Structures are given as C-alpha cells and as structure tokens.
Amino acid sequence: MTERVSDRPEASHDDAAPRASSRARSKSAAKTSPKATFDKKTIALVYDFDGTLSPRPMQDYAFLPQIGEDAAAFWKESNEVARREGADGLITYMHLLYKKAKAKGVRIDRDDLVAQGKTVELFAGVEAWFDAIADYIKLRSESHGVTIRHYIISAGLTEIIEGTSIYKRFHNVFASEYWFEAYELPFPKRVITDTGKTQYLFRINKGVEDLGDSINQHMDEAKRPIPFGNMIYFGDGDTDVPSMAVMRKNGGHAVAVYPPGKSKRKCVDLFKAGRCDFFAPADYRRGSDLFKRTCLLIDRILADIRVQEEMWRLERGVK
C-alpha cells in the first residue's frame, strides 16, 4: 500500500517568534482560534478493482502473456494448487506467478509491474467518473465544505494499480503487494483476502490509514472522521460479500456491478440477500444506470449530512 496523503501537521510559524506574555497569547488565541465547524462532511467511495473497475484480473493483461501463460489455465491451476495444499488462494497465486516467471527465465521486478499497469483495460467511463461524481456533489450539496475521496481495496497487486491511468485519482490504495529483494524470488509482503478487506473499511472509517498503526483501539463513533453512512462500496461478486455486509450493517451503502451484456445473476443474488442497495452494469459513463443509482445514494448521504449538521448546531445552541 502506498500512502497517498500526509496527515502530518505543518510546523507553526509561532515557533520562531519571540515569546509573548501569557495575556497577549491568550488574546491572540481568542482572535485567531478557528470557529468550530461540523466536520463529518467527507464522502468515501470505495472500490474493488478486478471485475469492478476492470473487466478481467489485472494480471491477465501483461503479466501472464509476458511469461507465456494462458489466463484461464493459470487461474485454474492456481485454484487447484490452493485446494490440494490447503493454502490461501491469494498467497498461492502470488507465489505461482513468480514461480512460473522464474521457470521461463523472465525476471520481473517492481518497475516492470508498474509498467504493466498501463495495459490494464478499464470499463467504459471509469476515467471520467471521478470528475463527474465531483461535479454532481458540487451541484447537489447544500452544505459548504463537503469533500469526496476515492479508495481501492483489492486482492490485486498494488504495483500494477500504480501504473494505471486512474491511480492518481485515489486518496489511498490498499492492495496485495510483493516484497522485492535483490537476487531472490519476491514473496508476498501483504495479502488482502475477502474478509481482510473489511479491516481497511474500518481504517477509512477511523482515519487510521497508516498500516503501521493499529485499528484495534476503541474509538467513539462521534470521533470517527468518515462515518459508514458517508461511504459507498463497489464490488462485483462473492469476494466482496464481507465488505458489503460490513458496510450495510454499519449504516453504509453498497453497489454491485456486472460486465455490460453479461449475466447479472450474481448481482441479483446479492441484491435479494440484502448485500447491496443497488446493482447495475459496470458502465461508469455519466447518465448510465450505475451513475444514476450512485447519485441517488449520494443524495441520501448529502441529505443526512445536512440533518446531522443542523442537529450539531442545535445541540451547541442549547448547552
């Protein structure tokens, strides 16, 4: 995971200034202290990657062709190895990729994986989606200061995602990752499983995005910077069920997508099971069913932000 935003506070300009008297400092503080504001105005859109933003697993586009592997045959073999060995499926595929590369005499390092990201296909409209959503929020928001953040939580590879055209649009990316060391076969540094994805939802919710920090400490709901009610999760299938369940159980929202023109059976099952609010073809263009249904959820979030903000003001007025 590559951290995208630094939360470190800037150094105060007062550090280099001569010390004023305590009375002068208190007067200055009274004049310059910021006015209290309602701060639960960040909306987070969280995406799976393979099958959600991209039609196929990201490794299918360059990695597997580069080592001469048929994609369908590779994933079948990986699943069979995992079942036979009783191994985690994600660790198995990460190991098998490089085992086969080594067998073919192909050396692939981190830079190669990032370069492979340029070949990854995206669903229609994905590249313009981020600006379109921002424009819609700007148009519909009646509360000043509402912001939008986009996140990825994926079992795919961080390195390949970094090379895609949309990487820069994400506030943070949580994905599986290799640990590269010279002259040795790379091995998994981080593996994000189906259930493991839920940890990162809580990291976003609590504002604890540095993976060196624990999220196990209790945090009051009122102190969490991005309430689940301000979050929407986008996924495409069984691997997203735990994340969808956590989102909806905690007041958040979920949208299931399927490839345009292909079966929507899995999404229908998720909808009937109450795992998602909506489902739609993975067409991210403005005006599509996915865009319209996402905007409906955004309308609900914006309305709730206005209600919560007004309640916050009322509470302050009666203290």
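The values are calculated or read from the model by the stated rules, or taken from the named source; none is laboratory data. This structure is a prediction, so every number in the text was calculated from the model and none was measured. Note: ideal-geometry Cβ built from the backbone for every residue, glycine included; neighbour counts use all protein chains shown. To get the accessible areas, we keep the full protein, side chains included, count just its heavy atoms, and leave off ligands, DNA and RNA. Shrake-Rupley method; radii C 1.70, N 1.55, O 1.52, S 1.80 Å.
Residues of the range 191-239 that are under 16 Å from residue 149 (Cα atoms), more than 13 Å from the chain's Cα centre (by Cα) and of a type in the set (S, T, N, Q): 230 alone.
Take residue 276 and decide whether it is surrounded by 14 or more Cβ atoms within 10 Å (Cβ to Cβ), at pLDDT 95 or above and over 18 Å from the mean Cα position of the chain (by Cα).
Numbers: surrounded by 14 or more Cβ atoms within 10 Å (Cβ to Cβ): yes; at pLDDT 95 or above: yes; over 18 Å from the mean Cα position of the chain (by Cα): no.
Against the criterion (surrounded by 14 or more Cβ atoms within 10 Å (Cβ to Cβ), at pLDDT 95 or above and over 18 Å from the mean Cα position of the chain (by Cα)), residue 276 does not qualify.
Among the numbered criteria (1) open to solvent by 60 Å² or more (accessible area, probe 1.4 Å); (2) within 13 Å of the chain's Cα centre (by Cα), which one does residue 140 miss? Result: residue 140 fails condition (2) only. What about residue 266, is it under 25 Å from residue 123 (Cα atoms), charged (D, E, K, R) and in contact with a helix residue (DSSP H, G or I) (Cβ under 7 Å, 6 or more places away or on another chain)? Here the answer is no, as residue 266 does not meet what is asked. Looking across 69, 85, 77, 127, one residue alone is in contact with a Lys or Arg (Cβ under 8 Å, 6 or more places away or on another chain), charged (D, E, K, R) and over 30 Å from residue 310 (Cβ atoms). It is 69.
Across the range 91-106, which residue is least open to solvent (accessible area, probe 1.4 Å) among those that are among the small types (Gly, Ala, Ser) and in a helix (DSSP H, G or I)? Full working, then the answer.
As a first pass, look at the range 91-106 and keep what is among the small types (Gly, Ala, Ser): 101, 103, 105.
From what's left, in a helix (DSSP H, G or I): 101, 103.
Numbers: 101: 0, 103: 86 Å².
This residue is 101.
Within the range 107-131, take every residue that is of a type outside the set (Val, Ile, Thr) and in a loop (DSSP other than H, G, I, E, B) and give me the one that is surrounded by the most Cβ atoms within 10 Å (Cβ to Cβ). So that I can check it myself, show each step before the final result.
Of all residues in the range 107-131, those of a type outside the set (Val, Ile, Thr) come to 107, 109-113, 115-118, 121-125, 127-131.
When the remaining residues are screened for being in a loop (DSSP other than H, G, I, E, B), the result is 107, 109, 121-125.
Numbers: 107: 9, 109: 12, 121: 13, 122: 17, 123: 21, 124: 15, 125: 17.
That would be 123.
Applying the criterion of being free of Cβ contacts under 8 Å to residues at least 40 places away in the same chain and closer than 12 Å to residue 42 by Cα to the residues of the range 218-232, the residue that is surrounded by the most Cβ atoms within 10 Å (Cβ to Cβ) is 228.
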